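The values are calculated or read from the model by the stated rules, or taken from the named source; none is laboratory data. Being a predicted model, the structure only gives us computed values, none of them experimental. Cβ: placed from backbone, ideal geometry, glycine included. Neighbour counts: every protein chain shown.
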Amino acid sequence: MSDRGLIVGGLVLFLGLVTLPVWYNVAAGRTAKPPELTLPTQAKSCVAPVEYMRASHMDLLMTWRDDVVRQGERTFVGLDGKTYAKSLTGTCMACHVNRAEFCDRCHDYAAVTPTCWECHLESRQVQRTAR
Amino acid sequence: MAEEAPKPEELAQIDYRPPGRDWREPAVELRKGTFCYSAAPKHLEYLGLPNPRPWQPFEADWKLPADWKQTILQGMKERLDRFRSFRLFMDICVRCGACADKCHFYIGSGDPKNMPVLRAELMRSVYRRYFTAAGRLLGPLAGGRELTPDVVKEWFYYFYQCTECRRCSVFCPFGIDTAEVTMMGRELLNLVGCNINWILEPVANSYRTGNHLGIQPHAFKDSLDFAVDELAEMTGIRVEAPINRKGAEILYVIPSAETFGTPHYYTLLGSLLLFHAIGLDYTFSAYASEGGNFGLFTSHEMMKRLNAKIYAEARRLGVKWILGGECGHMWRVVHQYMDTMNGPADFLEEPVSPITATRFEHARSTKMVHICEFTADLIRHQKLRLDPARNDHWTATFHDSCNPARSMGLIEEPRFILRSVCSRFHEMPENTIKERTFCCGSGSGLGTDENFEMRMRGGFPRANAVRHVRDKFGVNLVACVCAIDKATLPPLLEYWVPGMNVAGVHELVGNALVVEGEKERTTDLRGESLKPKEERAHE
Amino acid sequence: MNALGSLVLVSALAGLGFAGGQVAGLRPLFGMIIPYAAFLTFLLGVSYRILVWMRSPVPFRIPTTCGQQKSLPWITPSRLENPSSTLGVIGRMALEIGLFRSLFRNTRAELREGPRLAYGEAGLLWLGALLFHWSFLFIVLRHLRFFLEPVPGVVNALAGLDNFFQIGAPSLYVTDVLLAGALGYLLLRRLVNPQVRYISLFADYFALFLLLGIAVSGILMRYVVRIDTVAAKHLALGLVTFSPVVPEEVGPLFFVHLFLLSVLAAYFPFSKLMHMGGAFLSPTRNLANNSRMKRHVNPWNYGVPVHTYEEWEDEFRDKIKAAGLPLEKE
Amino acid sequence: MTGAGVGSAPLTGALAAGKDAIVRAWLARTLEAYPERTARFLAQEGDPFRNPVGQTLKEALPALFDELLGAMDAGRLSTLLDGIVRIRAVQDFTPSQATAFVFLLKKVIREQMDLPPHLSPLPLRGAGEGEGAMALAAVEGRIDEMALLAFDLFVRCREQMYWIKADEARRRTSLLERMRERP
């Protein structure tokens, strides 16, 4: 019995699997485009530089959470020298008003599921604006 | 090891540890007692094998042919192209070390190159150097090694220090079988005439006369006649032992040692008695008077050359199927090679037991049945009258022979027989039996006396387990189904576990078998006296 | 020596990757050309090796039987350890490849001097190997989130399973810990166990250090030195959609990860890592023990000289006759 | 372990108390005769069927040590020494190497008891000067006895091998021989 068919079949299956992303994206007609975000219009700068925020905003938020909940420290001096309240809904979402068009776009793109919204509610105002 | 003794003042602090050098520097010190002598040129000439010449492994010059290197590399290439096992096993070892302490030679000798992984690396390093791109470019950095005469010597030393028992392959996560590597190694060594006499003399004899010892047809008949006479004395029954009889239903092929060595001979007596008791229509053959096949230890080609006789003789005699006796590597050849090499056996019929009408469906293509399968079937169908008390002088254990256990799976049949024919049977520890059985240390043609020390080392793990059951259960008999075991376990056990006996399964069958018309047995098949029946009954 | 050499080599490679990420002119090379070349090498190399193996036939049935054969109907055969059917072989192979059955045979509960029941080092080897391989597979599958857009639910589910404990943000993946731990153990074992150290080659350490380098750089990026994940995905997606880009936001640490991975991919087909494919092809495991039931053909079976009956009879005619045995020719 | 018969009580007591450490060191020294990786295997592998060589040593050395401090029973000593020497007789050891493990005990005892490496009449803690030296000499004398016995056993093993070999050759063709003998 020749096992060549079996081996070639197995090899093709393997090659198909490891190149799966190519076929998947070809089928979806996708090219590499980063998500487009709706940026705030009213503010010119964030609490920290953009590069930092892009990579490490979760660190900042976690620190804020700990500071507020455990130490009761509620104020944060930003890079621009201004003082901010350590608040996701109050500070961040005051500018980035739309969760769906700002937070979720990147999180979905990178398949990240932060647990922020399990406790925090989007404020009514934010929701309204979004609508 | 140094030959001179250390000075007395050094004795207390001497450090025998060899320098921690890289294993890839080939270095073999051939110490007498640990290697086998070279094959006599006349055997090579008779078989048409290359480079016949007088030489010995302990001499500096091995008189390799001028183009030895090219011959070996060419041979390697051919075998890489022919055997996927070989090519794969050269490529995929990850050196995890799982096999390291599975080899009986490593356990018994402590020589690191007896770890299966390193034994194979001796070959792999050469493979990498000459057959892989990385090895050709980077050499040692890619784990490669030049092929030099020293490497050939090292191969010779270690490939004739592996009994091809396949124990390591049971534990390897990829099933890498050192036996395959050793077989290729020996084929390559044979290409340049580096072979051992203990293998090639039986091969030459077998080729010419039909059996290992070179017994000629008339002497073969004398042996069987002698056995018939002895049986008549012991049992009062004169059995038939037909030879070369055309038209018999079954051809019975045994390892020839049963006709000249002990304790093999008692197994022959047992099977003669059994066949008489059931009235089997069978014949021996003087032409195919050897089931054992030392070609397996030489090359695939030689294996085929020797094995061809069995089918040829079955065809000539016009039998329906073939029965095979108790022999280990013979069964590796029969089970895994014979049909492919010398089949198809379409001139034979699917084996059916003439006594029980059982169809041996598992042998329907090869048409050869193991005598333990045959007898187990008889006992199961209660076709035999057995008196196990006649084996009461034995407390038995069963030693699984490597080949039936790991290349076939003959595990329960002999145990079933043993439990039926003797009342005292105890297993050795679980990790030393069945597929994890330890080799006798003398398989694959290494059972010669110049190699005695190495055999004692290699067999130590087996002997150790035997000692365990002796101490624990009072075991005094090791039963087995292999002619090499029967030849080499007695000296092994005599050294490590004095007082232990070795017997074939069918010797015990013969003891227990109650045959119609027999006189009261006063001795077992060895001629040793039994206790009177009344006494046995009262126990 | 082998270990140190491999460590130096892998460190140098990591440094090269880092430099590739730092120097603007080199970024397209390290971010696009090398990954493409490496992956292509991987695909072609693996195919080549498998085809070479395939070209060598399996002339004989040589399964290693690890249990009772199928013979008489009333003896229970060991269907997985000594399979006689294709189904049995599939089962055996599944156990081998999924659970490392043979390696597991090493482990045994044993009584070491005294009554303390302990599992041997061999058990650790099995566990370490199993954890490493399964974690690695899990991590590779998880990485699909960088290559697929939109990310399928399966991949998200895997990740959800993996960060079951929800420690920290980004949350800790269990497989990251297991992989690093298992690799560390396998390395330590090579260094500490004298038997294994003796048999270890340069290549053995190299593979381990390379994998460790990839794991460590990945872990650093996720938990310590954050990188812009969106940019990383942009790059990855660019590669698989054949619209490669190297976004500015991608930092040098990512290049270390990517370059070591490229090295691994390119090295894979020419190394022992091919055991991944080889494990499926091993004739001592993937054949049914049915050689007496079914005839198997050796494709290169050739005729050999034999000593025929006629020759034998001619040579010993007188003796056969004298012994009274039948002859073909008188 | 009563210490009956050997040396002074203080030394015997000290040796008995230090038995574990001494035997451990003795085993380690004995294993050093093997290649490094093998030595580790022999020392660590606990399965007696996987590691019969190491196991034999691990069982026999403590028992030999007991005999050294005890009765020096010839029968028991022979059995214990034979177990070890029998293995070494088929491994790559010269006779002196094969039996040297007994002498190693002297060195080990001196090290463990903080005694100088060469015999000199130095005081032993808790005993008079000469008395301590004599006690040590007595123990070392017993070790010499053991070594001689081990050497005898080694030679016996080697001899045994020759007649087993001869026997094996006979057994191989025993039937032919018997057939010849029969009228």
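When each of C:Gly168, C:Gly160 is tested for being surrounded by fewer than 16 Cβ atoms within 10 Å (Cβ to Cβ), out of contact with any Phe, Trp or Tyr (no Cβ under 6 Å at 6 or more places or on another chain) and part of a helix (DSSP H, G or I), the lone residue that passes is C:Gly160. Being in contact with an Asp or Glu (Cβ under 9 Å, 6 or more places away or on another chain), at pLDDT below 85 and buried (at least 17 other Cβ atoms within 10 Å of the Cβ), is that true of even one residue in the stretch A:105-125? No; the residues of the stretch A:105-125 include none that is in contact with an Asp or Glu (Cβ under 9 Å, 6 or more places away or on another chain), at pLDDT below 85 and buried (at least 17 other Cβ atoms within 10 Å of the Cβ). Tell me which of these C:Tyr223 doesn't satisfy, since it passes every other one: (1) modelled with pLDDT of 90 or more; (2) more than 8 Å from every other protein chain (Cβ to nearest Cβ); (3) part of a helix (DSSP H, G or I). Going through the list (1) modelled with pLDDT of 90 or more; (2) more than 8 Å from every other protein chain (Cβ to nearest Cβ); (3) part of a helix (DSSP H, G or I), C:Tyr223 breaks only (1).
Residue selection: C:Glu96 satisfies the criterion of being among the charged types (D, E, K, R) and out of contact with any Asp or Glu (no Cβ under 9 Å at 6 or more places or on another chain). Listed conditions (1) in contact with a helix residue (DSSP H, G or I) (Cβ under 9 Å, 6 or more places away or on another chain); (2) more than 19 Å from D:Asp167 (Cβ to Cβ); (3) among the hydroxyl-bearing types (Ser, Thr, Tyr) are all met by B:Tyr495, apart from (2).
Is at least one residue of the stretch A:33-55 more than 10 Å from chain C (Cβ to nearest Cβ), part of a helix (DSSP H, G or I), loosely packed, with under 13 Cβ neighbours inside 10 Å and modelled with pLDDT under 90? No, every residue in the stretch A:33-55 fails to be more than 10 Å from chain C (Cβ to nearest Cβ), part of a helix (DSSP H, G or I), loosely packed, with under 13 Cβ neighbours inside 10 Å and modelled with pLDDT under 90.
Scanning the stretch C:269-285 for residues that are closer than 18 Å to B:Ala142 by Cβ and hydroxyl-bearing (Ser, Thr, Tyr) yields a single hit, C:Ser271. Pick out the one residue from B:Arg87, B:Arg53, B:Arg95 that is over 25 Å from the mean Cα position of the chain (by Cα), of a type outside the set (Phe, Trp, Tyr) and either at pLDDT below 95 or not assigned by TED's automatic domain parsing to the domain that holds B:Phe159 (or both). Within the list B:Arg87, B:Arg53, B:Arg95, the selection yields B:Arg95. Scanning the stretch B:371-389 for residues that are touching a residue at least 60 places away in the same chain (Cβ under 8 Å) and buried (at least 24 other Cβ atoms within 10 Å of the Cβ) yields B:Ile371, B:Cys372, B:Thr375.
If I go through the stretch A:14-32 residue by residue, how many of them are assigned to a helix (DSSP H, G or I), at pLDDT 90 or above and among the β-branched types (Val, Ile, Thr)? The qualifying residues number 2. Against the numbered list (1) surrounded by fewer than 19 Cβ atoms within 10 Å (Cβ to Cβ); (2) within 14 Å of chain C (Cβ to nearest Cβ); (3) under 26 Å from D:Met134 (Cβ atoms), D:Val23 comes up short only at (1). Return yes or no: is A:Gly78 closer than 30 Å to C:Leu43 by Cα, more than 9 Å from chain C (Cβ to nearest Cβ) and of a type outside the set (Ser, Thr, Tyr)? So A:Gly78 fails the test.
The set of residues in the stretch D:88-117 being assigned to a helix (DSSP H, G or I) and facing chain B (nearest Cβ under 7 Å) consists of D:Ser96, D:Gln97, D:Ala100, D:Phe103, D:Leu104, D:Lys106, D:Lys107. Screening the stretch B:412-436 for residues that are crowded, with 24+ Cβ neighbours inside 10 Å and in a loop (DSSP other than H, G, I, E, B) and picking the one that is farthest from the chain's Cα centre (by Cα) gives B:Cys422. Please determine, by comparing only the residues of the stretch C:73-91 that are of a type in the set (A, V, I, L, M) and within 26 Å of B:Phe438 (Cα to Cα), which one is nearest to the other protein chains (Cβ to nearest Cβ). Among those that are of a type in the set (A, V, I, L, M) and within 26 Å of B:Phe438 (Cα to Cα), it is C:Ile75.
Only one of the listed residues (B:Ala227, B:Ala204) is away from chain C (no Cβ under 13 Å), at pLDDT 95 or above and in a helix (DSSP H, G or I). That residue is B:Ala227. Of the residues making up the stretch B:324-340, those that are within 13 Å of another protein chain (Cβ to nearest Cβ) and either buried (at least 22 other Cβ atoms within 10 Å of the Cβ) or assigned to a loop (DSSP other than H, G, I, E, B) (or both) are B:Gly324, B:Trp331, B:Arg332, B:Val333, B:Val334, B:His335, B:Gln336, B:Tyr337, B:Met338, B:Asp339.
Against the test of being farther than 28 Å from B:Trp55 by Cα, out of contact with any Lys or Arg (no Cβ under 8 Å at 6 or more places or on another chain), within 12 Å of chain C (Cβ to nearest Cβ) and not polar (S, T, N, Q), the options B:Phe174, B:Phe220 yield a single qualifying residue, B:Phe220. Do you know which residues across the stretch B:439-476 are more than 19 Å from B:Tyr160 (Cβ to Cβ) and not in a helix (DSSP H, G or I)? Passing the criteria: B:Gly474, B:Val475, B:Asn476. Beta carbons closer than 7 Å, at least 6 apart along the sequence or on distinct chains, pair a first residue in the stretch A:1-28 that is among the β-branched types (Val, Ile, Thr) with a second that is assigned to a helix (DSSP H, G or I) for A:Ile7/C:Ile50; A:Ile7/C:Met54; A:Val22/C:Val240. Considering only residues of the stretch D:32-51 that are without any contact (Cβ under 8 Å) to a residue 12 or more places away in the chain and assigned to a helix (DSSP H, G or I), which is surrounded by the fewest Cβ atoms within 10 Å (Cβ to Cβ)? Per the criteria, the residue is D:Gln44.
Of the residues B:Arg364, B:Arg380, B:Arg316, B:Arg305, the single one that is within 20 Å of the chain's Cα centre (by Cα), within 7 Å of another protein chain (Cβ to nearest Cβ) and either more than 30 Å from B:Glu78 (Cβ to Cβ) or at pLDDT 95 or above (or both) is B:Arg305.
Restricting attention to the stretch B:490-513 and to residues that are out of contact with any Ser or Thr (no Cβ under 8 Å at 6 or more places or on another chain) and among the β-branched types (Val, Ile, Thr), the residue that is surrounded by the fewest Cβ atoms within 10 Å (Cβ to Cβ) turns out to be B:Val497. Beta carbons closer than 6 Å, at least 6 apart along the sequence or on distinct chains, pair a first residue in the stretch A:62-91 that is touching a residue at least 24 places away in the same chain (Cβ under 8 Å) with a second that is surrounded by 12 or more Cβ atoms within 10 Å (Cβ to Cβ) and among the charged types (D, E, K, R) for A:Trp64/A:Lys86; A:Phe76/A:Lys86.
B:Glu78 fulfils the conditions (1) of a type outside the set (A, V, I, L, M, F, W, C); (2) surrounded by fewer than 22 Cβ atoms within 10 Å (Cβ to Cβ); (3) part of a helix (DSSP H, G or I); (4) touching a helix residue (DSSP H, G or I) at 6+ places or on another chain (Cβ under 9 Å) except for a single criterion, (4).
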